[in-house]
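Below is a structure I'd like to ask you about.
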Amino acid sequence: MNFHFFQKDVHEKVQKNIQLLHHVLPNWERYLLMCTVPLYFMLISLSQQPLSEIFSGLRNIVREPDILISDYFVVGGVGAAFFNAGCLSILSLGILCIAKSDFDGSCIVAACLMFGFSLFGKNLLNIWSILIGYVLYAKVHRVPIKKYLYIGFYGTTLSPIITQIILMKNFPFFGQLLLAIAVGIVIGYVLVPISLHTKHAHMGYSLYNVGFSCGIIAIIVTSLMKSFGAKIESRLLWDSSHRPFGFFSLLSLFLTLILITLILGGDDTVSSYRELLKESGQGGTDFLKKYGDYPTILNMGINGLLMTVLLFAVGGDFNGPTIGSIFCVVGFSALGKHIRNILPVLLGVIIASYLKIWDLRDPSATLTLILSTTLAPITGDFGIFWGIVAGFLHSSVALNVGAVYNGTNLYNNGFAGGIVALFLVPIIQAVRSRMKPSALYKNEGK
């Protein structure tokens, strides 16, 4: 009996030491540290655009349609795009901090998604009604606002719908504004229950779960809009003139992250990172909680560096959509992605580019390459071969499914990834278990 008490005491001391090693920074310092990334881009963007042009560019960003693909580098200029993204990500971090949200992997993802997709779709006007809808849901259902606040921020992927309604010519402007606010509130309200349900559907094998749930919402909303005569025109604004600027800006940032963590974290960071690489990522493993600050930041830096070098190597452009997509990968490097489980998926998309009718440097194909990593858990759980298959399938689905909701869901690859996971995972499980389909249905009936 005494031995068990001794064993328990030793275990508790070990856990406390691990916690002290991993959680070096308090929450408020983590929030401040996260703010340095958008500030970095806001400062360097001043070399690309005068301040007066930045403000006029911000006005253009707010007034223009935002459906895929609307590159804010083209709409407002590089400076305005980065200022829009920087302001929104800092505001998001401030709201999370005021709400007393624990700084975990979900907070990092929320900040990175707000920054990244505010380079091509989200702006200072079109996100708020969706967030109000989430707050209303939390109040009505007596849920602490901080519990699912990150889902509220993820859900701003549907903000192009708000802009689209405001820009319609069917009603007087004031009526359109009220309608846009009402639709945003409804979207924010239904977001949490639908997202929690869809996660069970694909069992966490697609990391962009809210992209999947928002794809379903987008189909419903756009179908209703079209039924009342609204027209949603396709759009492709794509900048190709800032390749060196984008490449070296990202390269500097990610190399700095890697060097700082290696210097400050030392051997402990490297050994923890090796353990991190063994994770499957299914369901979005929170690396920050499990492995701490330095290994997580190291993973973010390595994945960001990989995507930057890969994009440059395939001849891709560096603009709002591609830089924003890279930051999506960086964000989810705190919540499931690492170099071992994303490489096979990327390879599957690259193989597909040689066999299918599109080129990897096409705008939509480039984004699909980067964001296909939503299916990283398939590699992590089922192996390299199935990761390649997942990437191969995803490339076809992602390049065609956006037409269903006319590009109003910015997380198009999240919707496509959910479909691929729903289709592929049961097949993998059946093959691995060597069970016939009839046996699967028989067991399901029990």
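The values are calculated or read from the model by the stated rules, or taken from the named source; none is laboratory data. Here the structure is a predicted model, which means the values were calculated and not measured. All Cβ positions, even for glycine, are placed from backbone atoms using ideal geometry, and neighbour counts span all protein chains on display. Please note that ligands, DNA and RNA were not included when accessible areas were found on the heavy atoms of the full protein model with its side chains. Shrake-Rupley method; radii C 1.70, N 1.55, O 1.52, S 1.80 Å.
For the range 177-202, which residues satisfy the criterion of being aliphatic (A, V, I, L, M) and either under 18 Å from the mean Cα position of the chain (by Cα) or open to solvent by less than 20 Å² (accessible area, probe 1.4 Å) (or both)?
Ala180, Ile187, Leu191, Val192, Ile194, Leu196
I need a count of the residues in the range 394-419 that are surrounded by fewer than 24 Cβ atoms within 10 Å (Cβ to Cβ) and without any contact (Cβ under 8 Å) to a residue 40 or more places away in the chain.
3
Only residues that are under 18 Å from Ala398 (Cβ atoms), not aromatic (Phe, Trp, Tyr) and not in a helix (DSSP H, G or I): list them for the range 197-221, please.
Within the range 197-221, Ser206, Leu207 qualify.
Scan Leu259, Leu264 and give me the residue that is closer than 16 Å to Met300 by Cβ and free of Cβ contacts under 8 Å to residues at least 12 places away in the same chain. Walk me through it before giving the result.
Details: Leu264 fails: free of Cβ contacts under 8 Å to residues at least 12 places away in the same chain.
None of the other options fit; the residue is Leu259.
Among the candidates Phe153, Phe103, which residue alone is modelled with pLDDT of 95 or more and aromatic (Phe, Trp, Tyr)? Give the steps one after another, and end with the answer.
Values: Phe103 fails: modelled with pLDDT of 95 or more.
Testing whether each residue is modelled with pLDDT of 95 or more and aromatic (Phe, Trp, Tyr) leaves just Phe153.
Looking only at the range 74-112, filter to residues that are open to solvent by 10 Å² or more (accessible area, probe 1.4 Å) and of a type in the set (Phe, Trp, Tyr); which one of those is farthest from the chain's Cα centre (by Cα)?
Once the filter is applied, the top-ranked residue is Phe83.
Only one of (1) farther than 30 Å from Gly387 by Cβ; (2) of a type in the set (Asp, Glu); (3) open to solvent by 80 Å² or more (accessible area, probe 1.4 Å); (4) modelled with pLDDT of 95 or more fails for Glu233. Which number is that?
With (1) farther than 30 Å from Gly387 by Cβ; (2) of a type in the set (Asp, Glu); (3) open to solvent by 80 Å² or more (accessible area, probe 1.4 Å); (4) modelled with pLDDT of 95 or more applied to Glu233, the lone miss is (4).
Output the qualifying pairs, or none if there are none: Cβ atoms under 7 angstrom, residues six or more apart or on different chains, first residue in the range 173-202 and modelled with pLDDT under 95, second residue open to solvent by 50 Å² or more (accessible area, probe 1.4 Å) and aliphatic (A, V, I, L, M).
What qualifies is Ala201/Leu422; His202/Leu422.
For the condition among the hydroxyl-bearing types (Ser, Thr, Tyr) and under 19 Å from Ile428 (Cα atoms), what is the one hit in Ser333, Ser325, Ser395?
Exactly one residue qualifies, and that residue is Ser395.
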